[in-house]
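Asks: Here you go, one structure.
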Amino acid sequence: MSQPRFIVKTAKDAPMKRIRWENGLFLLAVFLFFIILCTPGYGASTSSPLIRVKILKDKSRVEVRATGSYSIRALNLARELSFPSSHSALTIEASQQGIRASGEIWGREVLIRPEGGNSLIRVDSRRYRGQIIVQQKGSLLEVINELPLEEYLWGVIKAEISPAWPRACVLAFTIAARTYALKKLQDSSSRTTGYHVSSEQEDQVYRGVEGEDSLSRERVNQTRGKVLTYLGEIIEAKYHACCGGYSASLGDVWGGEGYPYLVAKPNNFCSKSPYFSWEFKIEAEKLRELLKEKGLILGRLYRIRLLEFDQSRRVKRVEIQHQEGKTELTGTKLRELVGGGDLKSTLFTVERFAADFFFKGRGWGHGVGLCQEGAKVMGEQGYTYEEILEFYYPGTLVEIIY
Ligand SMILES: [Zn+2]
């Protein structure tokens with residue numbers, strides 16, 4: 001495969017900037033700046049905005065303590081208590097009357113804040129920067145960590161990749177992760193849910209202070225405030241573990257028109273990755289039980305037919321032939337029902353041998369945007385972080401927004 005050629009554009013691209021100002025877009029830029037300041041989650045300054053991360057859900061109780069003194073405050077009642085650093089754990093429980101802690105009822109939402117400068121709040125087994133919000137939803141608790149976006153990223157890098165991977169790859173990844181989070185900050189659904197991102201794989205894996213090390217903090221700090229934009233907007237910086245040699249387009253995976261910077265294209269940077277190709281065998285009867293557990297009731301399974309593929313040869317639609325007829329599913333739905341850890345991607349073929357189904361596939365994850373395993377190899381081969389980002393998000397700019 002011939003080496004790709006890159007046109008790298010960055011915020012330091014002076015001629016482009018001059019043309020913009022000369023065209024009178026300065027007023028528009030000022031306007032956008034104030035729009036950004038008014039967006040929920042952004043602080044009233046150009047420093048790192050605050051992000052709310054859902055760290056626990058469906059809990060009947062949580063234990064909270066801190067490395068220094070801390071306070072608990074009811075958000076809708078005039079009630080607040082302070083605890084010294086020597087205080088043993090505070091148990092917060094869901095009850096029919098609302099949140100119960102320290103022998104009192106605190107309403108449906110409480111805020112736990114450190115009182116000392118560098119104090120960290122511990123929730124169950126993990127320490128967190130910033131403050132903790134506990135909400136009672138129905139009969140169970142949901143726990144949210146609110147902290148500056150840059151400090152949130154410190155706890156993401158090690159959980160998603162290794163900070164010890166080539167510097168250019170890690171820098172590219174920190175920019176993608178920051179961009180992903182900033183896009184979520186602009187999403188109005190947080191007004192209903194109370195958080196911007198989850199700490200699990202559905203967004204970016206985040207492990208609080210326990211997920212940090214000095215190198216991950218250093219790499220995040222080296223790209224502070226840098227994000228990817230396309231036509232002046234923060235992009236949807238999707239990424240995944242391994243594309244299996246062919247990235248997928250956003251539209252193919254989630255429907256809609258997609259974006260010109262998230263397109264299907266072949267590339268072999270990740271071909272040596274342990275996730276590049278995989279096999280998964282499952283007994284037909286076990287697969288039927290698994291689908292039944294997830295609410296899909298089928299008769300005895302006979303065959304799985306692949307009906308349609310997308311541009312990257314990922315499976316779009318399958319037909320499951322069974323005792324009672326035929327059931328059609330999308331490839332993504334089948335993967336979700338079987339489990340994304342076993343059926344690692346929708347880039348697969350499947351055959352029936354005797355009592356078993358044999359899946360053979362490539363890559364791990366949805367395949368859209370940056371391929372972590374491929375970016376690692378690009379870093380090893382000497383590509384810069386700008387080149388890595390231009391390769392996976394073509395046509396975008398790296399800009400500094402704070
Ligand atoms: Zn790849």
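The values are calculated or read from the model by the stated rules, or taken from the named source; none is laboratory data. What you see is a predicted model, and the numbers here were worked out from it, not measured in a lab. Cβ atoms come from the backbone with ideal geometry, glycine included; neighbour counts cover every protein chain shown.
Asks: Find all pairs meeting these conditions: Cβ atoms under 8 angstrom apart; at least six residues apart or on different chains; first residue within the stretch 364-393 and among the acidic types (Asp, Glu); second residue within 11 Å of the ligand (Cβ to nearest atom) and in a helix (DSSP H, G or I).
Replies: Hits for this filter: 387/378.
Asks: Out of the residues in the stretch 374-386 meeting the condition of being assigned to a helix (DSSP H, G or I) and within 16 Å of the ligand (Cβ to nearest atom), tell me which one is nearest to residue 314 (Cα to Cα).
Replies: Result: 374.
Asks: Looking at the stretch 278-301, is at least one residue within 16 Å of the ligand (Cβ to nearest atom) and either buried (at least 17 other Cβ atoms within 10 Å of the Cβ) or not hydroxyl-bearing (Ser, Thr, Tyr) (or both)?
Replies: yes
Asks: A further question on this structure: If we keep just the residues of the stretch 326-373 that are surrounded by fewer than 23 Cβ atoms within 10 Å (Cβ to Cβ), in a strand (DSSP E or B) and among the aliphatic types (A, V, I, L, M), which is nearest to the ligand (Cβ to nearest atom)?
Replies: 350
Asks: Let me ask another. I need a count of the residues in the stretch 172-212 that are assigned to a helix (DSSP H, G or I) and either in contact with a Lys or Arg (Cβ under 6 Å, 6 or more places away or on another chain) or of a type in the set (Ser, Thr, Tyr) (or both).
Replies: Adding up the residues that qualify gives 11.
Asks: Next question. Would you tally the residues in the stretch 229-252 being within 10 Å of the ligand (Cβ to nearest atom) and on the phi > 0 side of the Ramachandran plot?
Replies: So the count comes out to 2.
Asks: So, restricting to strands (runs of 3 or more DSSP E) that lie completely within the stretch 65-114, which ones have at least 3 residues that are modelled with pLDDT of 95 or more and closer than 23 Å to residue 125 by Cα?
Replies: By residue number, 90-93, 109-114.
Asks: So, in the stretch 175-230, exactly how many residues are more than 26 Å from residue 122 (Cα to Cα) and touching a Ser or Thr at 6+ places or on another chain (Cβ under 7 Å)?
Replies: Adding up the residues that qualify gives 7.
Asks: Still on this model: Give the residue that is modelled with the lowest pLDDT, with candidates limited to residues of the stretch 258-276 that are more than 10 Å from the ligand (Cβ to nearest atom) and small (Gly, Ala, Ser).
Replies: 258
Asks: Let me confirm something: among 210, 202, 160, which residue is touching a strand residue (DSSP E or B) at 6+ places or on another chain (Cβ under 6 Å) and farther than 20 Å from residue 402 by Cβ?
Replies: That would be 210, the only listed residue that is touching a strand residue (DSSP E or B) at 6+ places or on another chain (Cβ under 6 Å) and farther than 20 Å from residue 402 by Cβ.
Asks: So if I check each of 226, 158, 184, which one is surrounded by fewer than 24 Cβ atoms within 10 Å (Cβ to Cβ) and either under 19 Å from residue 368 (Cα atoms) or under 12 Å from the mean Cα position of the chain (by Cα) (or both)?
Replies: Among 226, 158, 184, only 184 is surrounded by fewer than 24 Cβ atoms within 10 Å (Cβ to Cβ) and either under 19 Å from residue 368 (Cα atoms) or under 12 Å from the mean Cα position of the chain (by Cα) (or both).
Asks: Given the conditions (1) within 14 Å of the ligand (Cβ to nearest atom); (2) assigned to a strand (DSSP E or B); (3) surrounded by fewer than 21 Cβ atoms within 10 Å (Cβ to Cβ), which single one is not true for residue 317?
Replies: Condition not satisfied by residue 317: (1).
Asks: Please work out if residue 152 is under 17 Å from the mean Cα position of the chain (by Cα) and in contact (Cβ under 8 Å) with a residue 12 or more places away in the chain.
Replies: Judged against the criteria, residue 152 is a match.
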